[in-house]
1. Per 10 Å bin, what percent of the C-alpha pairs of the chain does each bin hold, from zero upward?
2. Past the 19 Å Cα-Cα mark, which pairs from K115/K170; K166/K195; K136/K195; K136/K166?
3. Taking only the alpha-carbon positions of the stretch 170-230 and ignoring solvent, what does the Debye formula give for the base-10 log of I(q)/I(0) at q = 0.13, 0.24, 0.30 Å⁻¹?
4. Averaging over every viewing direction, what projected area does the convex hull of the Cα atoms of the stretch 144-187 cover, in nm²?
5. How would you classify the stretch 121-174 from its alpha-carbon gyration tensor, with a ≥ b ≥ c the square roots of the eigenvalues: rounded for a/c under 1.5, else prolate if a/b is greater than b/c, otherwise oblate?
6. How large is the charge dipole for the chain, taken about the Cα centre, if only the Cβ atoms of Lys, Arg (+1) and Asp, Glu (-1) carry charge, to the nearest 20 debye?
7. Can you work out the accessible area per residue across the chain, with the rest of the protein chains kept in place, probe 1.4 Å, in square angstrom?
8. If you average the C-alpha positions of the stretch 136-161 and of the stretch 182-203 separately, how far apart do those two centres end up, in angstrom?
Amino acid sequence: MTTKKLLALFFALIAVIVSAADLQLYTEEYPPYNFKKDGKLQGIAIDMMELILEEAGTGLTKSDIQLVPWSRGYALVQRDANVCLFSMTRSKERENMFKWVGPVAKTTIVLYALKDSGIKISSEADIPKYTTTVVKDDIGQQLVGKAVSDESKIDVSANNIACVRKLYNKRVNLWAYESNVGKWVAKSNNFDTSKLEPVYTLSEAELHFAFSKKTDDATIQKFQQAYDKLKKSGKFDAIMKAYQ
């Protein structure tokens, strides 16, 4: 390899390291994937990202991850360069909005109802009959919005705790959210999960680490390569088991 090519490779590597070091990392309360407990960030995706940051040699650590409301993080990852938001459902509508690393895990978005409500949903055509609460800019809002044209039937909440309270207090009929996370949120906020039941599946997909479109492709490649190496090593399987 010529000196010129070596220099080009060197400066390209430096550019990737600088870009990764400038990366802004955002997450939300979305247990068991990402959440704060006893003042510390933890969860499946948090632990994965911590290993990826180290493996990729970014100089960043878990302490650089900021916990924010989903709507704020969702706005930032669309507006700014070098932003990562997780965990995000990778959907057809979002595919070209972001750059992706992962996957973190499989995910199922459902409509939850209280068992004593007697609500039955056999198709999307039944959804507009009821009022559904969603988290602002969450995949649940996007999926329900495709089925419901009357905005008064969609209750937009700031976070998942507000959603679960509205459902259990019977202020709404349905709650659109991730199946595992929904149960976790209800249980951790002292609601009887035996009263909660999924009545319809809106989507089955995968959770990913989503990066802003303005993030350099070399950075995305570096993160994906780190992910792939850690996945192959079995370290991610160990993380998944730790949260079962």
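The values are calculated or read from the model by the stated rules, or taken from the named source; none is laboratory data. The model shown is predicted, which means the values in this text are computed figures rather than measured ones. All Cβ positions, glycine included, derive from the backbone under ideal geometry; neighbour counts span all protein chains shown. The area values use the complete protein model at the heavy-atom level, side chains included, leaving out ligands, DNA and RNA. Shrake-Rupley method; radii C 1.70, N 1.55, O 1.52, S 1.80 Å.
1. Pair shares across the bins are 7, 30, 32, 19, 8, 2, 1, 0.
2. K136/K195
3. -0.60, -1.03, -1.35
4. Approximately 3.3 nm², given one-decimal rounding.
5. Here the stretch 121-174 falls in the oblate category.
6. 120
7. Roughly 51 Å² per residue, with all protein chains present.
8. 17
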